[in-house]
Amino acid sequence: MTTLHPLYVTASPPTAVSHSCRGAFTSPTASNLIVCKSTLLELHALTANGVELLRTEKLFARIALMVPFRPAGSPTDLLFVCAHDKFRFAILDFARGEVRTLHDGSLEERAGRRLEDKVHCFLDPHSRILGVLLYQGVLKIVPLDKQGRPARSLSGSGTGPPSARAKGKSRLGVSAAEEAPDPFTVRMNELNILSITALHEVTDSFAVLYQDGKGKRHIRSYTVDLAGKELKRGPIPATTVSDAAHYIVAAKPP
């Protein structure tokens, strides 16, 4: 009897948008719209004539998070992406007409309840720390250096899902003083977090919108203590909000 071995492939590229953001990705003065369609990354330019597609990049992974940021040592925005598979992450840039992988690694933990489609992250306005919530009640804090690099212990072999690796970007020659501190995890009492955002006025602080066991929704803020590797009370007092609230955004001071 003949044994069948079916092979399933995608007949057409994905069309549903899962993530989108705006930033200066191609040049310091550019206005780019970056669209992620599950496993497909589209880079657009916002011009006076409308939206122009510049490049399409296949990521070979289903993206869970996508956040643009600009570290102090970079003239353009970088892009942090994290995949559902083993929570592999990559930091991307754009140079010489192509998307490059500067750094990659994994944020997977040995134990914990994965949040799957309810993952969240925040990045402080100075691009010093990245906070990712991938497991219930566990927040991972990833410090970044001035070039947007995580600690060496978090970096992978350079074979992450997105794009080709950048050439000439070895970590050799980086002093201990310039190296970002190792990432660490902290426990959070809020188990059902709906949204998370970094705050502007207080360094290394963030706020969360969460729902308690009775269905009521609240906002609470924290400040990250990098030296003590813990969370402290933040600048915003705990506040109860409408049960219809589902997303929070930090507004810059006027």
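In table form, for the structure just shown:
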read-out	value
Members of the stretch 186-204 that are buried (at least 16 other Cβ atoms within 10 Å of the Cβ) and either on the phi > 0 side of the Ramachandran plot or of a type in the set (Ser, Thr, Tyr) (or both)	195, 197, 204
Exclusive hit being open to solvent by less than 20 Å² (accessible area, probe 1.4 Å) and either outside any strand (DSSP E or B) or hydrophobic (A, V, I, L, M, F, W, C) (or both), set 72, 30, 64	64
Pairs where the first residue, in the stretch 92-117, is without any contact (Cβ under 8 Å) to a residue 40 or more places away in the chain and the second is of a type in the set (Ser, Thr, Tyr) and surrounded by 12 or more Cβ atoms within 10 Å (Cβ to Cβ), C-beta under 8 Å, 6+ apart	112/135; 113/135; 114/135; 115/135
Residues satisfying the stated conditions in the stretch 102-111, i.e. under 16 Å from residue 151 (Cα atoms) and either open to solvent by 20 Å² or more (accessible area, probe 1.4 Å) or not small (Gly, Ala, Ser) (or both)	102, 103, 104, 106, 107, 108
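The values are calculated or read from the model by the stated rules, or taken from the named source; none is laboratory data. Just so it is clear, the model here is predicted, and its values are computed rather than measured. Note: ideal-geometry Cβ built from the backbone for every residue, glycine included; neighbour counts use all protein chains shown. Each accessible area value is taken on the protein alone, full model and side chains, heavy atoms only, with ligands, DNA and RNA left out. Shrake-Rupley method; radii C 1.70, N 1.55, O 1.52, S 1.80 Å.
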